[in-house]
């Protein structure tokens, strides 16, 4: 079987790790011909040979490395349900050892008693994420056994390719010859991985776990030959709203394909300086930097637009730069004043870029993070009596800065009057705990809000909230 597939050579391997694999031998000549025709143009073996030994999952979990075979590589068998993070953790000891390591993936089984379509989607989604994670750490060859089994194989009992087979073809196309870029394009709701080729990049993206209702609408900028593919190779139909096109995605990855590499790298070059701003009154200076990553080409015109939260008071959100030379960086400088009810944490800021290079127009959106921090931190916790009734709210105020702070804390418990607590001369790296009694008048369905304001000086402020149990 390996000899029959020897002509297929490029970055990924179909086939079992050794010739004695009964699943491979069970393939009929007709099925093998189907595989032969389907993968001829897409898949090739960079190397061919039988490893000296194949490491089982239990062996792979231990930090032990077998010596590579005379053919120069070892194979580690991996169960199909292994998530990408666990897969990389399992392989790390072998990838760091001398010789080459190739994973042998088993497809995630399709439970026949469940919704078959949902199970198939889960299988191909898991496979795509595994392959992308492996490519991201530099693995360029993967074994997948093309057994004839619709539950865990690449062809069904009638010889028809399964959804996993088509997903393999799509992944070969988008990952072959490309390198991984860890810099983000989308926000936290969209899990994604960026891969660059010499002239064309691809972005694998899907709905992040815990990001809300599915499907998730993801805004996409499609210029020229850019399109969104599904793992079966078909093009995803986009919706449009207010001039913006959206891809509706679930936890099964889609592919943004045909992206111009230099422009995508320009998007990825965008960065805020500083990355952290204080939760304080008054204006704070922030600048956005964008670098021309087009090799040997001047960006004739670059339009930059930043979408800050509407509650922020911002002096400038747009700039047009003319004649930006290769390797040079454009900056947009602005000043930000935040509302007194702003909360701490990471804020996702959308940035639109429109660049004209050699007469071509490139349009795209990227999300960047600004962290709102403070020299003060709070922790909220309810006290309860032996019967489980809430008796008080404990508020811990921490000074994580380098100076003494005087502040007032305003506590609003629904159904009760607002309480004011004074925190005087709180030393650096120290804390103070205050308690606010909770009476029977408190609304059990309400949310407790805490607002802290520094007295005088820099006028830091802080907001926190907790729901009554």
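Scanning the range 333-353 for residues that are assigned to a strand (DSSP E or B) and surrounded by 16 or more Cβ atoms within 10 Å (Cβ to Cβ) gives 334, 336, 347, 349, 351, 352, 353.
Taking the criterion of being assigned to a loop (DSSP other than H, G, I, E, B) and at negative phi, the residues of the range 398-415 that qualify are 400, 401, 402, 403, 404, 413, 414.
Surrounded by 14 or more Cβ atoms within 10 Å (Cβ to Cβ) and closer than 28 Å to residue 284 by Cα: is that true of residue 438 in this structure?
On the way: surrounded by 14 or more Cβ atoms within 10 Å (Cβ to Cβ): yes; closer than 28 Å to residue 284 by Cα: no.
Taking the combined requirement at face value, the residue does not satisfy it.
Kindly indicate whether residue 221 is under 24 Å from residue 268 (Cα atoms) and surrounded by fewer than 20 Cβ atoms within 10 Å (Cβ to Cβ). Against the criterion (under 24 Å from residue 268 (Cα atoms) and surrounded by fewer than 20 Cβ atoms within 10 Å (Cβ to Cβ)), residue 221 qualifies. Among the conditions (1) more than 17 Å from residue 364 (Cα to Cα); (2) surrounded by fewer than 18 Cβ atoms within 10 Å (Cβ to Cβ); (3) in contact with a strand residue (DSSP E or B) (Cβ under 7 Å, 6 or more places away or on another chain), residue 162 misses just one, which is (2). Counting only strands (runs of 3 or more DSSP E) wholly contained in the range 211-303, the ones carrying 1 or more residues that are under 24 Å from the mean Cα position of the chain (by Cα) and modelled with pLDDT under 90 occupy 216-220, 227-229, 239-241, 244-249, 254-260.
Among the residues of the range 379-390, is there at least one that is surrounded by 18 or more Cβ atoms within 10 Å (Cβ to Cβ), touching a strand residue (DSSP E or B) at 6+ places or on another chain (Cβ under 6 Å) and in contact (Cβ under 8 Å) with a residue 40 or more places away in the chain? Yes: the range 379-390 contains one or more residues that are surrounded by 18 or more Cβ atoms within 10 Å (Cβ to Cβ), touching a strand residue (DSSP E or B) at 6+ places or on another chain (Cβ under 6 Å) and in contact (Cβ under 8 Å) with a residue 40 or more places away in the chain.
The requirement of being buried (at least 17 other Cβ atoms within 10 Å of the Cβ) and free of Cβ contacts under 8 Å to residues at least 24 places away in the same chain is not satisfied by residue 368.
Give the range 305-332 a look and list any residue that's in a loop (DSSP other than H, G, I, E, B), without any contact (Cβ under 8 Å) to a residue 24 or more places away in the chain and under 16 Å from residue 289 (Cβ atoms), or say none.
The first filter runs over the range 305-332 and keeps only residues in a loop (DSSP other than H, G, I, E, B), leaving 308-312, 315-317, 325-328.
The next check asks that each one be without any contact (Cβ under 8 Å) to a residue 24 or more places away in the chain; those that pass are 310, 316-317.
Once the filter is applied, which keeps residues that are in a loop (DSSP other than H, G, I, E, B), without any contact (Cβ under 8 Å) to a residue 24 or more places away in the chain and under 16 Å from residue 289 (Cβ atoms), the range 305-332 yields 316, 317.
The number of residues in the range 433-469 that are under 16 Å from residue 382 (Cα atoms) and either in contact (Cβ under 8 Å) with a residue 60 or more places away in the chain or in a strand (DSSP E or B) (or both) comes to 15. The one condition from (1) exposed (fewer than 13 other Cβ atoms within 10 Å of the Cβ); (2) under 21 Å from residue 459 (Cβ atoms); (3) over 38 Å from the mean Cα position of the chain (by Cα) that residue 403 does not meet is (3).
The values are calculated or read from the model by the stated rules, or taken from the named source; none is laboratory data. The shown structure was predicted, so the numbers you read here are calculated from the model rather than taken from an experiment. So basically every Cβ, Gly included, is an ideal-geometry build from the backbone, and we count neighbours across all protein chains shown.
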